[in-house]
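What follows is a single structure, written as structure tokens, with notes after it.
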Amino acid sequence: MKLSVNIDHVATLRQVRGGSEPNLKEAIAEVLKAGADGITVHLRQDLRHIQPDDLKMIRSTFQTPLNVELAVHANLDALFQHVIPSTVTLVPEHPHEVTTEGGLQVNFDPAALGVALKTLKKEGIQSSLFVDPDPTVIRQALLLHPDAIEINTNHYSLQPLDSPSYLEALEKIKECSQLIHNHGVRVLAGHGLNRNNVEAISKISVLDELNIGHSIVARSLYVGLQKAVREILTYLK
Ligand code: PXP
């Protein structure tokens, strides 16, 4: 199972003061040295952490797969002026949310999703849809033929470990992973995962990649980025 590390919150800390500390390039080098398989960034419309210049820097410095999370209605052509990512993950984005609040409501705006997916295909960029672990929504997402579906693990991550609600949320993620896999689509998962709750997720064999950010950056304050990444990788490799 692969790990893409979301480094948004290194940029969050930098943006608090402006300037260049912590240095995103050095942070990514540490993450990759530790053995991560890729880097994820969320280019938010309010630019609260990652900046367009960061994307240019990442692409010109590192060969690693780059996954850019983007709002459904964001301007893809504007993105392509800064970077051609390996993958674009389409996410819902609300102006005042602290973090992505849920998966896409696929049936709310399938036309916009369809247009975005078509543009990505034309550019040779892998597409991924961020979706809640609900079989009905997953089936709607599958109808749009994305290359991957990322299951939102936020609800799972909020349940007390091993509680009935935790086990129920885990079962839902397993069921949805299998459903996506059965359709020949790559299965990804992420949001709220950390070294305490990742083990059970890592046992879902059809899952191809996890996307983890906040817990790794937070943990790195105590143990450094390389160790924080390796702690997660021990469950995945
Ligand atoms: N996947 C998606 C689609 C996200 O929006 C985020 C948060 O940016 C993550 C994964 C990573 O979540 P976390 O930072 O909680 O690990």
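Summary of computed values
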item: Top-ranked residue in region 62-75 [being more than 16 Å from the ligand (Cβ to nearest atom) and at pLDDT 95 or above; ranked as nearest to Val106 (Cα to Cα)]; result: Thr64
item: Members of region 139-160 found to be of a type in the set (A, V, I, L, M) and either part of a strand (DSSP E or B) or in contact with a strand residue (DSSP E or B) (Cβ under 6 Å, 6 or more places away or on another chain) (or both), listed by number; result: Ala141, Ala148, Ile149, Ile151
item: In region 194-210, the residues that are open to solvent by 20 Å² or more (accessible area, probe 1.4 Å) and touching a residue at least 40 places away in the same chain (Cβ under 8 Å); result: Arg195, Ser202, Asp208, Glu209
item: Residue within region 64-84 that is touching a helix residue (DSSP H, G or I) at 6+ places or on another chain (Cβ under 9 Å), open to solvent by less than 10 Å² (accessible area, probe 1.4 Å) and part of a loop (DSSP other than H, G, I, E, B) present; result: yes
item: Enumeration of residues in region 161-193 that are assigned to a loop (DSSP other than H, G, I, E, B), open to solvent by less than 80 Å² (accessible area, probe 1.4 Å) and more than 9 Å from the ligand (Cβ to nearest atom); result: Ser163, Gly184, Val185
item: Residue within region 199-206 that is within 13 Å of the ligand (Cβ to nearest atom), more than 16 Å from Ala36 (Cβ to Cβ) and not in a helix (DSSP H, G or I) present; result: no
item: Val41 closer than 25 Å to Leu207 by Cα, within 15 Å of the ligand (Cβ to nearest atom), open to solvent by less than 60 Å² (accessible area, probe 1.4 Å) and modelled with pLDDT under 95; result: no
item: The lone exception for His155 - which of (1) touching an Asp or Glu at 6+ places or on another chain (Cβ under 9 Å); (2) open to solvent by less than 40 Å² (accessible area, probe 1.4 Å) it fails; result: (2)
item: Of the criteria (1) farther than 26 Å from Ser86 by Cβ; (2) open to solvent by 30 Å² or more (accessible area, probe 1.4 Å); (3) among the hydroxyl-bearing types (Ser, Thr, Tyr), which one Tyr235 fails; result: (1)
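The values are calculated or read from the model by the stated rules, or taken from the named source; none is laboratory data. All values derive from a computational prediction rather than experimental measurement. No Cβ is skipped: glycine too gets one built from the backbone with ideal geometry, and neighbour counts run over all protein chains shown. Ligands, DNA and RNA are excluded from the accessible area calculation, which covers all protein heavy atoms including side chains. Shrake-Rupley method; radii C 1.70, N 1.55, O 1.52, S 1.80 Å.
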